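Have a look at the structure below before the remarks.
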Amino acid sequence: MLKDPVVQELITDITKEEEDGISIVECLINGKITDEEIAEETELRLNIVRRVLYKLYDAGIASYKRSKDPETQWYTYSWKFEENKIFEMLKRRNEEFSMELKECLEYEENNIFFECKNNGCRCSFEEASENSFICPVCGSELEFQDNSTIIENLKEEIQLLKNNGHDFNFENASKIDS
Ligand SMILES: [Zn+2]
């Protein structure tokens, strides 16, 4: 799943300044569970590894268990990557974006638009008639704008999101990964 550019983007988003978010997540997935193990594997400084781990934790996509070594009395943190949370986040993002697109589509379908050929200023019928079909910016005449291409593009985008959405079915995805 780390090969998925959408997943990579999400992890990069979360770990931001640190460029090593993905390699650290990869370590977690491959069973390196302590910060020392990860630092050794990635050859990153321990404080960078820890900072990234806490960022992942803060975003809810990593968790840890703390245990005390009975001899040294030192605490060890065993980290775990919460793969399902990634899919939940992506699914939620996808749904939000899809809702926005649907609202845009509805607005485009329920309105008639006019535009100024000079500067591309776009008005709904109401706005245009309030301005007596004169461009509020440059004073040229507003002309009817065919928005069927915009509508088609929106519909395609919505369909595309719907198709991609199936990838975010994390039960299936986990099965493929394991
Ligand atoms: Zn104009």
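The values are calculated or read from the model by the stated rules, or taken from the named source; none is laboratory data. Note that the structure is a prediction, hence the values are computed from the model and not measured. No Cβ is skipped: glycine too gets one built from the backbone with ideal geometry, and neighbour counts run over all protein chains shown.
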Which ones in the stretch 100-122 are within 16 Å of the ligand (Cβ to nearest atom) and surrounded by fewer than 14 Cβ atoms within 10 Å (Cβ to Cβ)?
117, 118, 119, 120
Among (1) within 30 Å of residue 30 (Cα to Cα); (2) modelled with pLDDT of 95 or more; (3) not aliphatic (A, V, I, L, M) - the single one residue 135 does not satisfy
(1)
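Residues are listed down the side, and each one gets a yes or a no for (1) assigned to a loop (DSSP other than H, G, I, E, B); (2) in contact with a strand residue (DSSP E or B) (Cβ under 6 Å, 6 or more places away or on another chain); (3) buried (at least 19 other Cβ atoms within 10 Å of the Cβ):
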residue	(1), (2), (3)
26	no, no, no
38	no, no, yes
41	no, no, no
47	no, no, no
52	no, no, yes
78	no, yes, no
84	no, no, no
92	no, no, no
98	no, no, no
Select, from 132, 67, the only residue that is assigned by TED's automatic domain parsing to the domain that holds residue 10 and exposed (fewer than 13 other Cβ atoms within 10 Å of the Cβ).
67
